[in-house]
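Just below is one structure, and these are the notes that go with it.
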Amino acid sequence: MMRELRYARAARDFTMDWSTWLRMPMTVLLVLAAVFLLVTLVQLVVLRQHLHGGRRLAAMWRALLCLIFFALALLLGGTGYALRGYRLLSEETPVVDIDAHILSPQRWALTLTWPDGSTRQVQVAGDDWNIEAIVLKWKLPALLSGVPPLYRLDRLSGRYDDAAQEASAPRTVISFDHADDGFDLLDLHKQYPDWLPEVDTLYGSGAFLPLVDQGHYTVSLMRTGALVARPDEATQQKIGQPFGG
């Protein structure tokens, strides 16, 4: 019985991980790029056979196919690399869970947990945490064809309740930017807007909530691009007033 439960749990985790990977356009595009690259190699083998057989016209046709498939592989691979960190956006998409632990007054340790199970430990200063995301929406005709919006988290920061302290106290900002080399779809759209005419960028509204010790929060992203942050019941009681929806 225990073995069956372990197998069922492993199958469920595999399904969740696979579905999470499929929600990342980078994965799909890189897989397609690998397929086209494999087709290119097959065409190269056939091209070599035609050349050895003296069939020059057939060889020229295969050479053209090689160029086309290789160009498609480069295009898909480059687009997938530019979309690393982005995910498909559904009606309401879970983005991240946040667990807070106090270190000292206005100093907090946060544990971030993503839907795929990965975690990250960060520290922020302030009375609240604030999170922001970038949403890429599409113009016509891509929008009419049903292409879903994409999103990625942009940054997490601490926030002080007092405006004067916000202006003078130490600030903490944690970046989620995956484009360390500057090769990102958003940056490409800014620098070369004519290359990506179908992309319409929308900065999703940031969400913030008060920090409490042992607090647990969930962050979701609506299809409109709005971030929604919700504390659990115990955290909401510690906060002392309702937040979120």
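Where a number appears in this text, it was derived from the coordinates with a stated rule and is not lab data. On a predicted model such as this, the values are computed, not experimentally measured, just so you know. Glycine gets a Cβ as well: all are built from the backbone with ideal geometry, and neighbour counts include every protein chain shown.
Local charge sum around HIS50 (other residues, Cβ-Cβ under 11 Å, Lys/Arg +1, Asp/Glu -1)?
Numbers: positive: ARG48, ARG55, ARG56, ARG62; negative: none.
Net of charged neighbours comes to +4.
Under 13 Å from the Cβ of THR119, count the other residues' Cβ atoms, weight Lys and Arg +1, Asp and Glu -1, and hand me the total. Don't jump to the answer; show the numbers that get you there.
Details: positive: ARG120; negative: ASP97, ASP99, ASP116.
Value of the local net charge: -2.
Of the residues GLU132, GLU92, the one with the fewest other Cβ atoms within 10 Å heads the list, and the complete ranking is GLU92, GLU132.
Taking Cβ atoms as reference points and 12 Å as the exclusive limit, the residues near ALA100 contribute a net charge of -4, counting Lys and Arg as +1 and Asp and Glu as -1.
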